[in-house]
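Take a look at the structure set out below.
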Amino acid sequence: MQRWRGYESVPGGWGRSVVTIGVFDGVHRGHQAIIGHAVKRARDLGLRSVVVTFDPHPAEVVRPGSHPAVLTEAVRKAELIEELGVDALCVVPFTPAFSQLSPNEFVHDVLVEALHTAVVVVGDNFRFGHKAAGDVTLLETLGRTFGFTLEDAPLVAEDGLVFSSTYIRSCVDAGDVRAAAAALGRPHRLAGVVVRGDQRGRELGFPTANLMVHRYAAVPADGVYAAWLIRGGDEAGRLPASVSIGTNPTFSGRERRVEAYVLDFDGDLYGERVSLDFVAQLREQRTYDSIEPLIAQIRADVDETRVLLQ
């Protein structure tokens, strides 16, 4: 898959394309259907497929301070899109100047001049241009002017529930990682660098890897989870882990942390970039009056994690 930063970077000889556009945070089952539709349509027509996405999230530029929690970091999102068979990924820097483009200017500059679009595939809730003034009806009209066609990809739903990034964020925020995984089509993943913590887990007999995550990362609700820890992107060598998220209330902690106890592991993870794939929430965070019941609960959490991940 070719990757471009900015639509100005599209090679001059790039031929006609089937294009789909969106933030695609999470690359969830709904996104997969839209992108998959574009890929298939391109192959049927003998053209190349292009995904256009944006960085940073448009909300942060249009309404500073409103950046939503991020389900997939940029590198991970690109990997997931590539796995869907896309020919090229165009990441458009969403700047204040770009946000001012009218719907007509967006279509002319990005879809027509840069990508030579033959077909655009979007969901029926797609909006574009300054103040999101453009919709699919306008896009279809502009297509007739500029010589491309519009194809709607139906929204993906299950039991009447439409899968969306907003819905998945709400699941993660509530700690319902099972529901998030059902909508994503895979476990929710949280990545970070292992840094030194208070070393309290080691003192209790359960040394943990303390993850420093991105400021906008979608961190599940406070609680204890069963998860898989992945080192360096090697999913084949994933390790079972019991993960605690919260402020360590028994020790009157104030800083919210993500700490993973890796089962049956005796190595050193400091400085490594690792990922956690969340499988299930085991329980909420609790405060204990002494160390002994806390240790007993951690043992029970580890046992439950082992059973769940088997």
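Rounded to the nearest whole Hz, the Karplus-based 3J(HN,Hα) values (6.51 cos²θ - 1.76 cosθ + 1.60, θ = phi - 60°) of the stretch 137-143 follow the sequence 5, 5, 4, 5, 5, 5, x, with x at glycine and proline.
Charge tally for Asp277 (other residues, Cβ to Cβ under 11 Å; Lys, Arg +1; Asp, Glu -1): +2.
Which percentage, to the nearest 5, of the DSSP beta bridges contained in the chain is antiparallel? Write out the running numbers ahead of the final one.
Numbers: 37 of 61 bridges.
Taking every DSSP beta bridge with both residues in the chain, the antiparallel ones total about 60 percent.
Positive contributions from Lys and Arg (+1) and negative ones from Asp and Glu (-1), summed over other residues with Cβ under 12 Å from the Cβ of Pro68, come out at -1.
Looking at the stretch 188-309, the DSSP beta bridges with both ends there are about 100 percent antiparallel.
What number comes out for the charge environment of Leu239, summing +1 per Lys or Arg and -1 per Asp or Glu over other residues with Cβ under 14 Å away? Don't jump to the answer; show the numbers that get you there.
Details: positive: Arg231, Arg238, Arg306; negative: Asp234, Glu235, Asp264, Asp266, Asp268, Glu272, Asp277.
Spelling it out: positives minus negatives among the neighbours equals -4.
Placing dummy labels 7 Å off each Cα toward the beta-carbon, the span from Gln285 to Ala74 is 3.1 nm. Subtracting the Cα-Cα distance of Arg238 and Val162 from 0.36 nm times their residue separation leaves 24.2 nm of extension gain. Remark on Gly26: its backbone amide H falls under 5 Å from those of Leu71, Thr72, a criterion applied only to residues 5 or more positions apart or on other chains, H modelled at 1.01 Å from N. Working ranking of peptides 35-45, 151-161 by packing, defined as the average number of other Cβ atoms within 10 Å per residue, highest first, is 35-45, 151-161. The simple spin-label model puts a point 7 Å past each Cα toward its Cβ; for Glu83 and Asp135 those points are separated by 3.5 nm. Can you find, among Phe278, Val194, Gln310, the residue farthest towards the positive end of the dipole of the chain? Put +1 on the C-beta of Lys and Arg, -1 on that of Asp and Glu. Working it through, the farthest residue towards the positive pole turns out to be Val194.
How would Glu259, Glu82, Glu235 line up from fewest to most surrounding beta-carbon atoms within 10 angstrom? Walk me through the numbers on the way to the answer.
On the way: Glu259 23, Glu82 15, Glu235 11.
By the 10 Å Cβ count, ascending: Glu235, Glu82, Glu259.
Across the stretch 20-62, the residues whose backbone nitrogen lies under 14 Å from the label position 7 Å along the beta-carbon direction of Ser99 are 55-62. Site pair Arg63 and Glu8 shows an inter-label distance of 3.0 nm when each label is modelled 7 Å from Cα along Cα→Cβ. The computed mean projected area of the Cα convex hull in nm² for the structure shown corresponds, within (i) 17.6; (ii) 18.7; (iii) 19.5, to (i).
Read-outs: derived from the displayed coordinates by stated rules, not from any lab. Quantities reported herein were computed from a predicted structural model and do not represent experimental measurements. Glycine also receives a Cβ, built like all others from the backbone with ideal geometry; neighbour counts cover every protein chain displayed.
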